[in-house]
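Notes follow the structure.
Just so it is clear, none of the values below were taken in a lab; they were calculated from the coordinates. Fair warning: this is a prediction, and the values are worked out from it, not measured in the lab. Because the Cβ atoms are built from the backbone with ideal geometry, glycine has one as well, and the counts that use them run over all protein chains shown.
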Amino acid sequence: MASAAPDPDALPRHAARMVPAYGNLLAIGPRAEAIAPHLPAGCQLQCAGELPAAVDADVVLLLDPARAPHLAAAAARWGRPLICAASAGEADVLGAALRAAGLRLQCAEQVSPGLRLLKWVPGEDIATRAPKRVLVLSYFHIPNFGDRLGYHVLNGLLPADVEVVHAPLAPFTVPDGVYDLLILGIGNSLLPRDACSPDLAHWLERIPRAIGIFGTQYRDQYREPEAARGLAAVLDKVTTWWARYEEDMLAFGRGRRNVRHLGDWLIAASPMAVPRVNRNLIVPPNILTTEAPLDRTIQRIQAYRSVESARLHPLLCALTSAAQAAYREQRDGALNAIEGAQPDPQAESGKFRSLLYDVFGRTFDEGEPFPVNRQAVAAYRRKVLANMEALRAELYALLERDLPAA
């Protein structure tokens with residue numbers, strides 16, 4: 001049975017898939033115009049017989065690279081995406097030259113058994129870099145507003161090409177594997193019972209580098225001997241503890257050189273806003289994000305001119321918009337205590353005071369509405385965002401990645 005004749009339109013048809021609609025394409029070489037019927041909407045075609053010194057097109061197409069021995073140098077000079085066809089042997093040689101010229105392979109397609117179509121773009125070829133894996137230990141699985149926010153804020157700071165594994169602190173469940181960096185916390189409190197967990201100690205020893213992004217609450221519980229030893233061991237191990245509040249640093253960071261005041265970075269998820277509802281919103285202690293998406297919860301809180309919250313991060317969100325606010329302390333320290341401890345059931349978490357001190361330089365009485373100083377909130381937000389850029393730089397350095405160009 002005779003084999004099917006090769007399709008002369010296959011190569012230009014496949015190449016057209018790699019061209020943007022409404023773009024300008026420079027096609028070089030014989031039969032360059034063959035791609036014209038296959039181009040997407042609004043695309044403009046220019047044709048040339050030889051490699052030009054410079055191009056003003058959005059994409060360059062060369063279907064016969066064997067005719068252009070100086071293609072790599074020309075492509076580097078053009079600074080434009082390049083689509084070219086090559087046999088298997090030619091593709092390896094051409095690929096090495098283009099990578100050396102500062103291009104990376106964006107996509108490839110097998111057109112026929114002996115022919116590949118390749119698209120190269122300016123930039124580092126991350127496929128040639130060793131993969132990096134990050135283990136994040138936190139309470140991300142809990143449907144509290146703040147825990148859900150922290151998951152997203154951290155993911156936005158990590159390098160684009162790292163593999164991230166999020167695992168819960170309680171119950172402690174970590175997929176086995178090799179990790180290059182451990183991140184402890186996503187901006188919320190690290191509970192005393194988990195600071196002294198032997199499972200946490202095991203992974204801190206196993207993973208070569210670690211940083212902490214967390215605060216504290218019910219601080220007397222960290223002074224229990226077992227919890228104190230556990231927290232001290234954590235702070236000894238991490239490269240940097242990015243403490244949530246200044247009072248966290250004062251309580252547990254004195255004398256340590258690896259402690260920095262991050263601020264409550266979850267404020268990054270709440271822009272400065274203007275309320276429209278002239279009523280009081282009461283945020284209950286059992287607010288969960290299972291009832292509405294995070295963005296809708298933020299918008300609802302920011303809609304009210306007056307907000308009273310029994311949860312920390314809804315209060316933080318309210319500070320970016322409300323004219324006045326009030327808080328109700330948490331007194332559930334028994335849930336956070338290490339086994340065998342006898343916490344005071346009336347003890348305050350302390351984190352509301354720490355937040356207000358960080359933002360306003362003072363605290364306010366529980367349950368009493370106070371006026372929100374928008375300038376102070378904006379200044380705090382600016383400070384935290386700047387600290388987050390420093391944190392981003394450390395994450396990139398620990399993962400041996402270059403910061404993206406501004």
Computed Rg/Rh for the range 11-127 (Cα atoms; Rh = Kirkwood radius) stands at 0.92
Charges only on Cβ, +1 for Lys and Arg, -1 for Asp and Glu: so what's the dipole of the range 11-127 about the Cα centre, in debye to the nearest 20? 100 debye
Exposure proxy ranking, count of Cβ atoms within 10 Å, fewest first, for Thr363, Thr297: Thr363, Thr297
Starting at the first residue of the range 68-80, write each ³J(HN,Hα) from the Karplus equation 6.51 cos²θ - 1.76 cosθ + 1.60 with θ = phi - 60°, in whole Hz, x for Gly and Pro. 10, x, 9, 4, 4, 5, 5, 4, 5, 6, 5, x, 10
For the chain, whose charge dipole is built from +1 on Lys and Arg Cβ atoms and -1 on Asp and Glu Cβ atoms, the candidate among Leu190, Gly215, Trp120 with its Cα farthest towards the positive end is Gly215
Looking at the range 11-127, send over the antiparallel percent of its DSSP beta bridges, to the nearest 5. 50 percent
Gain in span if fully extended, Arg382 to Arg296, counting 0.36 nm per residue against the direct Cα distance: 28.6 nm
Tell me which lysines have Cα within less than 25 Å of Lys132's Cα, excluding those fewer than 8 residues away on the same chain? Lys237
Using θ = phi - 60° and the Karplus curve 6.51 cos²θ - 1.76 cosθ + 1.60, what whole-Hz ³J(HN,Hα) does each residue of the range 96-113 get, with Gly and Pro shown as x? 4, 5, 5, 4, 5, 8, x, 10, 10, 7, 8, 7, 8, 8, 7, 7, 8, x
Tell me the label-point distance for the pair Glu394, Glu163, using the 7 Å Cα-to-Cβ offset, in nm and rounded to one decimal. 2.6 nm
Treating only the Cβ of Lys, Arg, Asp and Glu as charged (+1, +1, -1, -1), what charge dipole size does the chain show about its Cα centre? Round to the nearest 20 debye. 780 debye
Under the rule of -39500 (n - 2.57) per DSSP H run of 4 or more residues, summed and divided by the residues of the chain, what mean residue ellipticity at 222 nm is obtained, to the nearest 500 deg cm²/dmol? -9000 deg cm²/dmol
Dipole axis of the chain (+1 Lys, Arg; -1 Asp, Glu on Cβ), positive-most option in His166, His313, Val136: His313
Cβ density ranking, 10 Å radius, fewest first, applied to Arg311, Arg328 yields Arg328, Arg311
